[in-house]
Each structure stands twice: as structure tokens, then as C-alpha cells.
1. From the phi angles alone, apply the Karplus equation (6.51, -1.76, 1.60; θ = phi - 60°) to region 449-458 and give each ³J(HN,Hα) in whole Hz, x where the residue is Gly or Pro.
2. Packing-wise, with mean Cβ within 10 Å as the measure, how do 149-155, 123-129, 274-280 rank, highest first?
3. Taking the Cα centre of the chain as origin and charging only Cβ (+1 Lys, Arg; -1 Asp, Glu), how large is the dipole, in debye to the nearest 20?
4. Which one of Leu31, Thr218, Cys73 is farthest out on the positive end of the charge dipole of region 3-283, using unit charges on Cβ (Lys, Arg +1; Asp, Glu -1) and the Cα centre as origin?
5. Can you tell me the relative contact order of region 3-283? Whole percent, Cα pairs under 8 Å, sequence separation 6 or more.
6. Taking the dipole about the Cα centre of region 408-456, with the C-beta of Lys and Arg at +1 and of Asp and Glu at -1, give me whichever of Trp432, Ala442, Ser455 is farthest to the positive side.
7. What's log10 of I(q)/I(0) for region 287-379 at q = 0.10, 0.16, 0.18, 0.25 Å⁻¹, Debye sum over Cα points only, no solvent?
8. Give me the one-decimal nm value for the distance between modelled label points at Arg128 and Ala360, 7 Å along each residue's Cα-to-Cβ direction.
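Bear in mind these aren't lab numbers, they're just calculated from the coordinates by the rules spelled out. Quick caveat: nothing in here was measured; it's all calculated off a predicted structure. Here the Cβ positions follow ideal geometry from the backbone for every residue, glycine too, while neighbour counts run over all protein chains shown.
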Amino acid sequence: MTVLTRLQSAPALPKAINPSGNVRGMYESLLREDDSRARAHSFLHEQLQLAAALPEELPQDPSTWHEWVAAHCADVARQYADYLQQRKAGGPRQFFASKAQALYFLQAVAPTKLVDGAWLYGLLQHWRDPRFSGLLCTYLEELGEGNPAQNHVVIYRKLLAEHDLDHASPIPDERYLQGALQLALGACGDEMLPEVIGYNLGYEQLPLHLLISSYELTELGIDPYYFTLHVTIDNASTGHAQKAVQAVLDLLPLEADRADFLRRVSQGYRLNDLGQGSRAIIEGFDLERELLAMLERKCPFAQHMHSDYCRFEGKTVNQWLAEPEHLPGFLQALQNKGWIKRHEDPQASRFWQLIDGDGAAMFGVFSAYEKQLVHDWIAGNWQPAKKPAALRRHAATNAPIEVPEQDPDVQILNAALQGQDTHAQMATLIPWLAPARHAHPAGLLAIRRFIELKSRLP
């Protein structure tokens, strides 16, 4: 039975349920590959109802989509050229006023970036069908074709680790929505094929914010490679955007209800617009609010750790930290006493000297991100006389790929493949290409083996 035949005979979607507002729970359950396919299906149905109420953006005639994508890409290029002209004329950064804001953004979008490509996972079983070749190529490229230096999830994990963002602060539940959608689509690939390819069509369009983010992260000394990589592979000429359009055209049914299929493609496309987008997250950042939230999280651990020797406006540090509502007053008291000198070099503030440096009295108390919040809040509108050199560091993509043969998962995978014919090996490999596994050594090995076998099989 073909995919399209199954679509025609598939039962109606179940009645939508409310996932108890626990989007993160849905995300983590799908990532663990729990038996939650029915829940994923219901979750998608609920989100598709919300997406159906959003404005239609896709042109009605799919034969015009290649030109439409090219026109969108050209429009983004024009807007980016305008942005570059403004910056070269001395204009300020438009996204990230400070490094702390950039780090906040990187962590806020992590739930989505750490499941990059997941919406296509459910289509791997169709590796024999040439109509799926563009979609499978896209998924395998998201996975770096088994090269850890190119695997998008590996790259983003390293970026988070480099800036101590792995668990820098709690991430609100709603920021797991897009990641949960991607995982749910990947779990329901066959029965939701029109929605999957519609979502893919929307996600693979080149957004302006990707270009601006790359430029400004570079200025702030943050490796932009994850973002610049997407700029190149999502192009409308030969990249994922072009493949996304072609996939819809190739999979349009010949005899079934094409209008209903396209309606579902359009709803899948609009799933991209649910939840907070990158721009909304960036614009929602407030430095002082984030600083106070961070200090409030520290209070339970710090309020009994200070001596009573030092007092600010008659209160000990422990008394200031006893109640979160006292924190703004505590910061003001530190300024009044000269321990914090706003809008100056943070090195001139005694409070900064207490937390920064190997010999600092509070060395290790604050993570790199937390220190950046403090630094940027103290600095305010102060700017160093010499700007830091912009960072441009690229992954060593040509380095030999090492296989840790003693890794338990690698041993399990190799043992499972022993004695199997090539078709059986393909079936064995596919689960290792799942969103939760592909960025690990056994998953990366499985990707390379999958590509090798696929190239040899008809």
C-alpha cells in the first residue's frame, strides 16, 4: 500500500485534546520515544485547528511556488542589503543590544534547534521512493550526513556548552511548542504527510532574522556557524527551499482529492507561525528583568551564606536576600555605596571584582551567562574604547571522523547489523537516525552507513 493510498483510507483525526498546557512534557515524551503516538496525533490536530485560523500565505497554484520562493529570497536579500547599508553608515545593532541578549536568545530557541529536522524523521522508511529523495536529502543534511562537524544538533550543543548555556535559566513552556510540533510531525509522518511537507516548505524558507543574527553574533564574539550554515543550505536555487517545493509537486496525488491535499499542506505550512518566533523572543528581552530573575533564583542558596560584617543601608546581605522583592533595593543600595558604578567599565565596580576572576571572593558562584547579565547591566551605555575583534570560526569539516568502537551503543548497533542483508540493515539503521539518537556516536555511524547502503541499493 502506498503512502497516498493510506492517506485516502486513513481514519478521521481524533477529537482534539488539551495537552494540559504541558508542551514541554509533550516535547520530552516524544524525544524519549515514549509510546505517545496517539497523544502526538491529538496534539497536532489541536495545533492544526489553531493554524487554520491564521492568514493564508501560500499562492493557490502550486505551479507558481518555485517563482514565489525565488521572489521571497530576493526580497530577503534586498532587506538584508538595506540592513548592511545602515550598519556601515554607523547604525546600531538591530537585534542584540548586548552580548547578554544574544546569549538569552540562543538559550530561548534551544528547544527548537536541538531537534533540527525532526519533522522529516518519519519519512525515512520511504528511501526507495524517488518522490521522497529531496526530503530525505534535506533530513540527512540536517544530520550532517553523519559528520559531527556538520550535524546541526551537535553544532548547537557545542555552542550552548561554549557559553555555559546548557542549563543557564528555566525556559518557559511555550518555547517548546515549535520543537514539540517538529517531533510530533516526525512521529506521525505517514498519516500527516501533507502537513509534514507543508511544514517543511515553510520552515526551509530563508528568513531575514537568520542573516541579521549571523552578522550580529559575529560582532559579539559568538560563533555564528550554526546560523551561517542554514543561510547556505536553505537557498532557493539548489538548497532546501527548492527541494521543499519540488517535494510537494512530486507528492501531489494524481487521482485523490488534490484540493484537500493542498489544504492540508497549507495548514502544515502555517504551523510555522504558531508560538513565539525569533523576533518576538529577541524583542521580549529586558536586561534588568532578567538580572533580577537570575538573582531571585540565587536567593534560596545565598541568603544564609554571608556574614553580618558588611551592611548596606542598615541591612545585612542576608537580610537583603531574604525576600525577592528586596532585590531592586539591594541593587540600588550597592550603587549608593559605590560598589556598583553604572554606565562605566564594570572593572571599576567592586561588586564585579567580587565575582570575576580566579581570585574573586565569589568565583564560581555565577555561570558565564549570569556574569554576562551582571556585566552588561553595570556597563549600561558604556562602551570600551576598542571594540572586540569579530569572531569567525568554522568547524573543521574535513577532519577524520573517529568511531569510538568501545561505545556501548556503537557495539549494540554493530552487533545488530551482523549477518543482515542490506535491506534488513536499512530497517535496523532507521531508528538510530531518530531525533534523540542521531547526534550520538552510534547515530552518526548509522547515518553514514544508511547513506552508503542507500547509494548501492535500487
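1. The phi angles translate into 5, 4, 5, 4, 5, 4, 6, 9, 9, x Hz.
2. 149-155, 123-129, 274-280
3. Using Cβ point charges on Lys, Arg, Asp and Glu, the chain gives about 700 debye.
4. About the Cα centre, the residue reaching furthest to the positive side is Thr218.
5. 29
6. Ser455
7. Normalising to I(0) and taking log10 leaves -0.23, -0.63, -0.82, -1.75.
8. It is 6.1 nm.
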